[in-house]
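Chemist: Structure provided below as structure tokens; questions to follow.
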Amino acid sequence: RLFIGLHFPLLCLGVEYMRTNSLPLAEEFFNKAKAICPEDPLIYHELGVLAFQRKQYSVAVKQFRKALNLIPNPFSTVTWEPTVNNLAHALRKVGKYQ
């Protein structure tokens, strides 16, 4: 109630639910955050992590790519290195080595 109209608290709640393995609740909060701010790459990164945990690797690849496409160029490799790394792991899981 204190942060009406902001997506970041919803995103943080989703991350915390994911940490406790409450994946349906995490997805609900990520989708609420995405409804408020559909251009935040961090939301798509977290949705990719969620899909990866559910072994939905092709969905994870799509989410990680969407996150990387939303990052303004030039992006900081240090900040977004986890997204690139997670994308690589998801691509490996779907057998795309090239």
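Only the coordinates and a few stated rules stand behind these numbers; no lab work does. As the structure is a prediction and not an experimental result, all values here were calculated from the model. Using ideal geometry, Cβ is built from the backbone for each residue, glycine included, and neighbour counts are taken over all protein chains shown.
Chemist: Let a ≥ b ≥ c be the square roots of the eigenvalues of the Cα gyration tensor of the stretch 27-77; is it rounded (a/c under 1.5), or, if not, prolate (a/b larger than b/c) or oblate? Please report the intermediate quantities before stating the final value.
Modeler: Numbers: a/c = 2.55, a/b = 1.23, b/c = 2.08.
It is oblate, given that a/c is not under 1.5 and a/b is not larger than b/c.
Chemist: Now for a separate question. Taking the 0 to 90 degree range and rounding to the nearest ten, how far is the long axis of helix 41-53 tilted relative to the main principal axis of the chain, both from C-alpha atoms?
Modeler: 70
Chemist: Which longest uninterrupted range of the chain lacks any trypsin sites (Lys or Arg not before Pro) assigned by DSSP to a loop state (not H, G, I, E or B) and surrounded by at most 14 other Cβ atoms within 10 Å?
Modeler: Details: sites that count: Arg1, Arg54, Lys55, Lys96.
That would be 2-53.
Chemist: Further, regarding this structure: Between the stretch 50-98 and the stretch 1-38, how many Å separate their Cα centres?
Modeler: 20
Chemist: Using +1 at the Cβ of each Lys and Arg and -1 at the Cβ of each Asp and Glu in the stretch 1-62, identify which of Asn31, Leu10, Thr20 lies farthest towards the dipole's positive end.
Modeler: Checked the options; the winner is Thr20.
Chemist: Still on this model: Mean separation of Cα pairs under 8 Å and 6+ residues apart, divided by the residue count of the stretch 27-98: what relative contact order is that in percent? Could you put the intermediate results ahead of the total?
Modeler: Working: 66 pairs, mean separation 21.1, N = 72.
Averaging sequence separation for qualifying contacts and normalising by length gives 29 percent for the stretch 27-98.
Chemist: Leaving out same-chain residues fewer than 8 places away, which lysines sit with a Cα under 26 Å from that of Lys32?
Modeler: In chain and number order, the partners are Lys55, Lys62, Lys66.
Chemist: Taking the Cα centre of the stretch 1-68 as origin, sum charge times position over the Cβ atoms of Lys and Arg (+1) and Asp and Glu (-1), and report the length of that vector in debye to the nearest 20. Please report the intermediate quantities before stating the final value.
Modeler: Values: 9 positive and 6 negative charges, 39 e Å.
Computed about the Cα centre, the dipole is about 180 debye.
Chemist: Shifting gears a bit: How big is the Cα convex hull of the stretch 59-98 in projection, averaged over all directions, in nm²?
Modeler: On the way: hull surface 11.4 nm².
Averaged projected hull area, Cα only: 2.8 nm².
Chemist: With a cap of 11 neighbouring Cβ atoms within 10 Å, and only residues DSSP puts in a loop, list the chymotrypsin sites (Phe, Trp or Tyr not before Pro) found in the stretch 30-98. Mind showing how you got there, number by number?
Modeler: Details: sites: Phe30, Tyr44, Phe52, Tyr57, Phe64, Phe75, Trp80, Tyr97; in loops: Phe75, Tyr97.
Within the stretch 30-98, the qualifying chymotrypsin sites (Phe, Trp or Tyr not before Pro) (loop, at most 11 other Cβ atoms within 10 Å) are Tyr97.
Chemist: Per residue of the stretch 29-35, what does 6.51 cos²θ - 1.76 cosθ + 1.60 with θ = phi - 60° give for ³J(HN,Hα)? Whole Hz please, x for Gly and Pro, Karplus curve as stated.
Modeler: In residue order, the calculated couplings are 6, 5, 5, 5, 5, 5, 5 Hz.
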